[in-house]
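The structure appears below as structure tokens.
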Ligand code: ACO
């Protein structure tokens, strides 16, 4: 068996910013409530002309540059998204073309906010078996186009963005590699967070617009409890599998949905707040993009260093969840 390593990371947040004070003008909410309940201060919103593959392209180009790898070396492209350019073809195929790549497999992976961990896991398996040596994975979302800006329970939470990793086969003596990945799904709880229309169940019609079923619907309190439960449990799984004590982990990079969820997971393991990478104040919940964006920002500002042990954990609609332990 081979091992995979993170050769480079990249991220992109659109320029336009939506502040809490902007939302105060749209719904009955206020800056203090949003900060106290979620930790979010602003979100980045894609420009009208931008589509999901555009955001993904920039993140991928930065990740390739950081890795020192030419796009032509990429053998597999995976896009984690639930807000792709269109239903068909996949955003991965659109992105493949934008990257100028030919004759490689490219596919979307749908696991909502856990999509990036799922993609990391899939890519890791392909490298472990020796099938591919260089894989590009990206979490990219323009979720604001699926949010109802009349619904104060959801519209305060979400923003757009993209984050990418280049994974390569590690050398035999390389100390830095993906140690393990873990994935879960609990379909019985799927109704807690849904985007009802646009699929075969509720195809687009005038009714969709009237009932606003083209927008996400969420049971926030239940999601909150399940998020803490599943992220803590998948973190346990990763630590146990690798026989690593929580104090040996340099950084926890959790899905950036809500500051209080991240703190609850960290408390569970006795992680000090300073060891949790949190950028939720800066971007809100960007679904599959939160983990690679947060990771890349921490690489850029020098917090995450080569050789450190990093624990990633996510949960999302599905419900899905996952974790990964790696030495960067
Ligand atoms: N502004 C002001 N008041 C609000 C707002 C708002 N934006 N939204 C809700 N309220 C009100 C509620 O109506 C309620 O009022 P009431 O007491 O009069 O009934 C009160 O605030 C408390 O509401 P709760 O739902 O109990 O608030 P809570 O502390 O649970 O925070 C929140 C709500 C932020 C949504 C929280 O539950 C949460 O973050 N849940 C997880 C959401 C999430 O992560 N979703 C995505 C998961 S999957 C993925 O990441 C794609």
Summing -39500 (n - 2.57) over every DSSP H run of at least 4 in the chain, dividing by its residue total and rounding to the nearest 500, the 222 nm mean residue ellipticity is -9500 deg cm²/dmol
Taking 118, 132, 2 and counting other beta carbon atoms within 10 angstrom, the fewest-first order is 2, 132, 118
Among the Cα-Cα pairs of the chain, the proportion with separation greater than 35 Å, in percent, is 15
Percent relative contact order for the chain, counting Cα pairs under 8 Å at least six residues apart, stands at 26
Ranked on Cβ counts within 10 Å of their own Cβ, fewest leading, 194, 138, 122 go 194, 122, 138
At 10 °C in a medium of viscosity 1.306 mPa s, the range 17-57 has a Stokes-Einstein diffusion coefficient, with Rh taken as the Kirkwood radius over alpha carbon pairs, in µm² per second, of 137
With T = 4 °C, eta = 1.567 mPa s and Kirkwood Rh from C-alpha pairs, the Stokes-Einstein D of the range 47-201 in µm²/s is about 78
The range 1-118, convex hull of Cα, quarter of hull surface, nm² -> 9.9
Using alpha-carbon positions, the gyration tensor of the range 264-321 gives root eigenvalues a ≥ b ≥ c; with a/c under 1.5 called rounded, otherwise prolate if a/b exceeds b/c, else oblate, the class is oblate
Here FRET efficiency (C-beta to C-beta, residue 133 to residue 236, R₀ 30 Å, nearest 0.05) is 0.40
When all Cα-Cα pair distances of the range 111-230 are considered, the percent exceeding 17 Å is 68
Expected sort for 81, 168, 181 with the fewest Cβ neighbours (10 Å cutoff) up front is 168, 181, 81
Here the FRET efficiency for residue 70 versus residue 97, based on Cβ atoms and R0 = 22 Å and rounded to 0.05, is 0.85
With the 8 Å Cα cutoff and a minimum separation of six or more residues, the range 30-156 has a relative contact order in percent of 31
In nanometres, the difference between 0.36 nm per residue of separation and the alpha-carbon distance of residue 211 and residue 25 is 64.7 nm
Computed over the range 192-285, the Cα gyration tensor eigenvalues, each multiplied by 5 and square-rooted, give semi-axes in Å (largest first) of 35, 15, 11
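Any read-out appearing in this document is the output of simple, stated calculations on the displayed coordinates, not a laboratory observation. This one's a predicted model, so the numbers in the text were calculated from it and none came from an experiment. Here the Cβ is made from the backbone with ideal geometry for all residues, glycine too, and neighbour counts use every protein chain on show.
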